[in-house]
Amino acid sequence: MLILGLESSCDETAAAVVRGRGARGHVLADVVASQHDVHRPFGGVVPELASRAHIEHVIPVVDAALTAAGVTLADLDAIAVTCGPGLIGALLVAVQTAKAMAYGAGKPLVGVHHLEGHMSAIYLEERAPPMPHLALIVSGGHTSLVLVTDHGSYGVLGQTRDDAAGEAFDKGAKLLGLGYPGGVLIDQLANGGDPQAISFPRAMLHKESNLDFSFSGLKTALLHWVRANGVPGSPASTATTAVAQTQSMQDVCASYQHAIVEVLVRKTRAAVEATGVAAVQLCGGVAANSALRAGMAQAGLADGFELFVPKPSHCTDNAAMIAMRGYFRFAAGGRDELTLDSRANWPLPHATPQWVRGA
């Protein structure tokens with residue numbers, strides 16, 4: 001099956017063409033128009049600006065994907081689109097575009113949940129996890145541990161009670177004056193720092209029977225640290241030399257990143273022990289973080305589970321993962337009417353509300 005996927009849930013306008021066969025997908029084209037330059041001056045995504053940029057980019061991105069794949073709308077079997085969750089104004093752009101194309105070309109329309117898209121990205125790789133397996137979804141808006149029993153069948157083990165891990169990275173970078181997107185910059189600086197230099201809190205770390213997350217306290221702890229010490233490298237910093245100032249910023253980033261990664265890894269290990277699964281997939285934008293990938297790989301070796309991670313470009317928001325999930329849903333008979341609407345808030349479909357230990 002040949003599926004066109006569209007994605008515009010946040011600040012990436014994306015279109016991709018994927019050929020699905022069996023349990024795998026082959027990417028024929030994968031085009032992303034980033035908005036980093038639009039939002040960088042504000043230190044984060046401005047919803048209104050994101051929506052306007054999507055309107056500007058969506059048709060050129062779709063045209064580029066179809067051209068790169070060497071196909072036309074007539075060749076497609078279906079059109080898949082992210083319809084939630086996300087920024088409502090941003091979501092509307094891709095949803096309305098997909099509905100118009102589906103109507104004009106007479107093609108089936110398949111709505112896709114953004115998190116199901118992230119969990120489907122791994123099936124674009126040569127190796128994919130067996131069923132059942134555990135998925136750690138980590139992004140700017142979501143941090144969840146999900147037991148995947150089949151395509152479209154899930155059990156929610158735990159999720160964040162406040163800030164997501166990616167949000168903690170981006171807001172932490174803003175507090176440190178690093179710019180946007182902050183997670184990437186913290187990861188780069190942390191490579192030269194000491195992760196034990198500053199003792200930041202780990203919320204709920206010792207409540208491993210509860211697999212939920214909380215990162216708001218960590219963000220607040222960084223705020224208090226900056227107020228007490230100043231931003232490293234700034235005139236208010238307590239560091240006395242240029243070398244000390246540089247190293248101090250690296251140490252802060254390494255310590256802050258380590259606090260986030262340690263909680264993610266420890267909670268995942270507890271979930272593996274509780275469920276007895278032999279495989280874990282790491283997905284979402286934060287899955288591109290080098291420390292998290294290394295920490296999860298080490299945990300897999302220690303605990304005996306196999307780790308599966310998409311390539312970095314398929315961790316961040318993209319349309320190939322949406323096309324992949326659209327393929328699975330379409331193959332199972334899933335269709336949507338042209339009344340399909342965007343949903344800013346949307347629980348994971350077909351998931352039990354809360355997985356219970358021993359159930």
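At a glance:
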{"quantity": "The chain: antiparallel DSSP beta bridges as a percent of all, rounded to 5", "calculated": "60 percent"}
{"quantity": "Accessible area of the chain belonging to carbon and sulfur atoms, whole % at 1.4 Å probe", "calculated": "54 percent"}
{"quantity": "Pairwise label distance in nanometres, D303 with E126, each label 7 Å out on the Cα-Cβ vector", "calculated": "2.7 nm"}
{"quantity": "Prolate/oblate/rounded call for segment 1-150, Cα gyration tensor, a/c under 1.5 rounded", "calculated": "oblate"}
{"quantity": "Equivalent ellipsoid semi-axes, segment 163-210, via Cα gyration tensor eigenvalues times 5, rooted, Å", "calculated": "22, 15, 9"}
{"quantity": "Separation in nanometres of the label points that stand 7 Å from Cα toward Cβ, at A344 and T149", "calculated": "3.3 nm"}
{"quantity": "Label-point gap, in nm, between A228 and R24 - each point 7 angstrom along Cα→Cβ", "calculated": "5.3 nm"}
{"quantity": "Spatially proximal lysines relative to K171 (Cα-Cα < 18 Å; intrachain offsets below 8 disregarded)", "calculated": "K219"}
{"quantity": "Shape category assigned to segment 79-144 from the gyration tensor of Cα positions, a/c cut at 1.5", "calculated": "oblate"}
{"quantity": "Mean Cα-pair separation over length for the chain, i.e. relative contact order, pairs under 8 Å, 6 or more apart, %", "calculated": "25 percent"}
{"quantity": "Estimated dipole of the chain in Debye, rounded to 20 [Cβ of Lys and Arg +1, of Asp and Glu -1, Cα centre]", "calculated": "400 debye"}
{"quantity": "Residue order for C10, C253 - accessible surface, 1.4 angstrom probe, largest first", "calculated": "C10, C253"}
{"quantity": "Euclidean distance between Cα centres, segment 26-94 to segment 136-170, Å", "calculated": "23 Å"}
{"quantity": "Cα centroid separation - segment 249-271 against segment 180-201, whole Å", "calculated": "10 Å"}
{"quantity": "Residue-by-residue Karplus 3J(HN,Hα) for segment 315-332, coefficients 6.51, -1.76, 1.60, Hz, glycine and proline x", "calculated": "7, 6, 4, 8, 8, 5, 5, 5, 5, 5, 5, x, 4, 4, 5, 5, 5, 8"}
{"quantity": "Phi-based couplings in Hz for segment 144-149 (Karplus 6.51, -1.76, 1.60; Gly and Pro marked x)", "calculated": "9, 10, 10, 8, 9, 9"}
{"quantity": "Dipole of segment 1-67, positive end: most advanced residue of Q35, V61, A16 [Cβ charges, Cα centre]", "calculated": "A16"}
{"quantity": "Heavy-atom surface of the chain, accessible at 1.4 Å and reported per residue (Å²)", "calculated": "41 Å²"}
{"quantity": "HN-Hα J in Hz across segment 70-84 - Karplus 6.51, -1.76, 1.60, θ = phi - 60°, x for Gly and Pro", "calculated": "x, 10, 10, 4, 5, 7, 6, 8, 6, 10, 10, 8, 5, 10, x"}
{"quantity": "Packing rank of 91-99, 149-157, where each peptide gets the mean count of other beta carbons within 10 Å, highest leading", "calculated": "91-99, 149-157"}
{"quantity": "Selected from P129, P347, P201 as most flexible by GNM, with the chain as the system and alpha-carbon contacts under 10 Å", "calculated": "P347"}
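The values are calculated or read from the model by the stated rules, or taken from the named source; none is laboratory data. All values reported here derive from a predicted model rather than from experimental measurement. Heads up, the Cβs are rebuilt from the backbone with ideal geometry, glycines too, and the neighbour counts pull from every protein chain shown. For accessibility, only protein heavy atoms count, side chains too; no ligands or nucleic acids. Shrake-Rupley method; radii C 1.70, N 1.55, O 1.52, S 1.80 Å.
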